[in-house]
Amino acid sequence: MNIVIFGPPGAGKGTQSQRLEKELGICQLSTGDMLRKEVASGSELGQILKTILDEGKLVPDETMVKLIEIAMKDPDCEKGVIFDGFPRTRPQAEALDDMLKKNGKRIDHVIVLQVDDGALLGRIQKRAEESGETRSDDNEETLKKRLNVYHEQTAPILPYYEEQGLLRKIDGMADIDKVTDQIFEAIGHKKAA
Ligand code: ADP
């Protein structure tokens, strides 16, 4: 099963993706995590990426498509993938369809976590407090930029999936467990008791 999860920064994509990964035995590909790993490695590419991430901008489509294409080849991903943070633009969405089609696969569900913009900054601040480490793009100024990018470049690809009957809208303002339950219901998955 291949699932794409959308939502503004701080919506809870990572948390829910990890739960889906565990329950469904498919692999989570988080582009944010991949990029942060590259930054932490201190490589030349990492240094370029750090500037982009800290500005709240998007990494070029070509780079992202290459990263995802390589990551999808992992044997752990054979049973399916949860795409967390990808696609973020229309060209990325089309590239993903092509990559899956080439392998006789397709997207089964597109989940959108709907959270009010006003709740996001508080959530991100809480995440920083709880994890004890602050992402360098988790500050008020960069969050605003990331949110704008989400509304301007990412949210406009949702109708593309809606037309295909794949969109599952989820109330992301609910408790974490309730959100998980809603997701399983939306994708028709019955949890083992
Ligand atoms: P969030 O969704 O909470 O903003 P992510 O961890 O998914 O955070 O992404 C962090 C940053 O990584 C983004 O602001 C962007 O700079 C970069 N990024 C992640 N995924 C993509 C993508 N698919 N295309 C371009 N840039 C990306």
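The values are calculated or read from the model by the stated rules, or taken from the named source; none is laboratory data. Small disclaimer: the values here were computed from a predicted structure and weren't measured. Please note: Cβ atoms are built from the backbone with ideal geometry, for glycine as well, and neighbour counts cover all protein chains shown.
Here the condition is being buried (at least 21 other Cβ atoms within 10 Å of the Cβ) and either under 15 Å from the mean Cα position of the chain (by Cα) or in a helix (DSSP H, G or I) (or both); of 16, 47, it holds for 16 alone. Within segment 96-114, the residues that satisfy the criterion of being more than 16 Å from residue 164 (Cα to Cα) and either more than 15 Å from the ligand (Cβ to nearest atom) or surrounded by fewer than 21 Cβ atoms within 10 Å (Cβ to Cβ) (or both) are 99, 102, 103, 104, 114. So which of 169, 178, 190, 145 ends up being closer than 16 Å to residue 20 by Cβ, basic (Lys, Arg) and at pLDDT 95 or above? After applying the criteria, what remains is 178. Checked against (1) touching a Ser or Thr at 6+ places or on another chain (Cβ under 6 Å); (2) farther than 11 Å from residue 34 by Cβ; (3) within 12 Å of the ligand (Cβ to nearest atom), residue 92 meets all criteria but (1). Against the conditions (1) outside any helix (DSSP H, G or I); (2) under 15 Å from the mean Cα position of the chain (by Cα), residue 42 satisfies every one except (2).
Checking 174, 128, 95 one by one, the residue that is over 27 Å from residue 52 (Cβ atoms) and either outside any helix (DSSP H, G or I) or free of Cβ contacts under 8 Å to residues at least 60 places away in the same chain (or both) is 174 and no other.
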